[in-house]
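Peer 1: Have a look at the structure that comes next, please.
FYI, it's all coordinate maths here, none of it is from the lab. Note that this is a predicted model, so its numbers are computed, not measured. Cβ sites come from the backbone with ideal geometry, for glycine too, and all protein chains shown count toward neighbours.
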Amino acid sequence: MNPASRRLVPYITAWSMEQPTDSGLIASGGRVAYRVSNPQDRDVHGVLWGACGLKPGAGLPQWARVHPQRQRRAMGGQRCQVCAEAADVNNDGVLWLLDGTLPSEGTITTHPPVCRRCPRKAVRACPPLRNKGHTLVRVKAPVLEGVYGRLYLPSRTHRSGLKPGEHAYVPYADASRTRWVVAEQLYATLHGCTPVNLDDLAADGSETEPILCLATD
């Protein structure tokens with residue numbers, strides 16, 4: 001591999017050999033389910049998660065797609081979305097790299113946090129972050145509030161008993177909709193955001209190569 005052609009592929013990015021495999025969806029017991037199910041299909045809130053192949057690095061990175069299980073692991077475990085190591089935390093909160101300007105109180109995001117050494121690499125590797133702007137913040141109180149995914153409606157006219165609906169953010173507190181959503185990503189609401197200077201963050205020389213992120217020609 002030509003070192004000059006290496007491109008960072010974040011941990012949460014899906015690859016072309018990691019395709020969704022949720023064709024067996026049915027309505028069962030008053031909620032959406034898989035025709036052949038197992039307990040690992042659902043999270044601790046009983047929400048069904050989209051099934052997807054697990055072959056990181058196989059094929060080509062799919063920049064517009066996020067792998068549901070890796071995103072869930074990073075967001076739920078406060079792991080860096082780029083390298084999967086522990087997100088950076090200090091007295092001001094958890095480190096987050098977001099597109100756009102400083103988020104308002106209670107902003108919703110599906111982007112997991114970041115560690116101390118990956119933000120500069122992510123900005124260099126991601127044209128939208130470079131060209132459209134980005135914000136690095138400490139979040140005092142991130143709250144895992146629900147999931148983003150496709151809602152389904154019970155239907156007597158469909159063989160599966162389901163009619164596909166729209167994608168939506170569904171809070172865990174909304175029991176009427178959590179029964180009918182197939183989750184694709186966890187989302188958090190961000191409270192107590194303080195801006196961080198990217199240059200100051202890298203000033204301590206901590207910007208070393210991440211361990212679990214992948215590179216591609």
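Peer 1: Along Cα→Cβ, 7 Å out, is where each label goes; now give me the distance between the ones at Ile26 and Ser160 in nm to one decimal.
Peer 2: About 1.2 nm separates the two model spin labels.
Peer 1: Same structure, new question: Using the per-residue mean of other Cβ atoms lying within 10 Å as a proxy for protection, in what order, highest first, do the peptides 65-73, 39-47, 88-96, 113-121 fall?
Peer 2: Listed from highest to lowest mean packing, they are 113-121, 65-73, 88-96, 39-47.
Peer 1: Under 5 Å between amide hydrogens, which residues at least 5 positions from Thr107 or on another chain qualify, with H placed 1.01 Å from N in the peptide plane?
Peer 2: Leu190
Peer 1: I need the Debye-formula profile for region 39-80: one equal scatterer per C-alpha, no solvent, reported as log10 I(q)/I(0) at q = 0.24 1/Å, two decimals.
Peer 2: The Cα Debye sum returns log10 ratios of -0.98.
Peer 1: Can you give the relative contact order of the chain as a percent, counting alpha carbon pairs under 8 Å and 6+ residues apart?
Peer 2: 27
Peer 1: Over what distance in Å are the Cα centres of region 54-95 and region 7-38 separated?
Peer 2: Spelled out, the Cα-based centre of one part sits 17 Å from the other.
Peer 1: Name the long-range amide H neighbours of Ser37: under 5 Å, sequence gap of 5 or more, or other chain; modelled H, no Pro or chain starts.
Peer 2: When sequence neighbours closer than 5 places are left aside, there are no close amide H contacts.
Peer 1: Once amide H atoms are placed 1.01 Å from N in the peptide plane, what residues at a sequence separation of 5 or more from His167, or on another chain, have their amide H within under 5 Å of its amide H?
Peer 2: Leu151
Peer 1: Suppose a student asked you for the relative contact order of region 75-155, using Cα pairs under 8 Å spaced at least 6 residues apart; what percent would you report?
Peer 2: Answer for region 75-155 is 37 percent.
Peer 1: Taking the inverse of the average 1/r across all pairs of different Cα atoms in region 53-173, what Kirkwood radius in Å do you get?
Peer 2: Evaluated on region 53-173, it is 16.4 Å.
Peer 1: How much length would be gained if the chain were fully extended between Arg120 and Asn90, taking 0.36 nm per residue of separation minus their Cα-Cα distance, in nm to one decimal?
Peer 2: Here the answer is 8.9 nm.
Peer 1: While we're on this one: Using θ = phi - 60° and the Karplus relation 6.51 cos²θ - 1.76 cosθ + 1.60, list the HN-Hα couplings for region 34-46 in order, rounded to whole Hz, with x at every Gly or Pro.
Peer 2: With coefficients 6.51, -1.76 and 1.60, one gets 8, 4, 10, 10, 8, x, 6, 5, 10, 8, 5, 8, x Hz.
Peer 1: What share of all Cα pairs of the chain, in percent, falls into each consecutive 10 Å distance bin?
Peer 2: Histogram of Cα-Cα distances, whole percents per bin: 8, 31, 33, 20, 7, 1, 0.
Peer 1: If you don't mind, another one. Tell me the mean residue ellipticity at 222 nm calculated for the chain from its helices only (DSSP H runs of n ≥ 4, each -39500 (n - 2.57), averaged over every residue, nearest 500).
Peer 2: -3000 deg cm²/dmol
Peer 1: Which residue, Gln185, Leu162, Ala173, has the largest displacement toward the positive end of the dipole of the chain when charges sit on each Cβ (Lys, Arg +1; Asp, Glu -1)?
Peer 2: The Cα lying farthest towards the positive end belongs to Leu162.
Peer 1: Going 7 Å from the Cα of Asp200 toward and past its Cβ, which residues in region 76-90 have a backbone nitrogen under 15 Å from where you end up?
Peer 2: Counting backbone N atoms under 15 Å from the label point, the list is 90.
Peer 1: Compute the distribution of all C-alpha to C-alpha distances in region 1-97, in bins of 10 Å from 0, and list the percent of pairs in each, rounded to whole numbers.
Peer 2: Per 10 Å bin, starting at zero, the Cα-Cα P(r) for region 1-97 comes out as 14, 35, 31, 15, 4, 0 percent.
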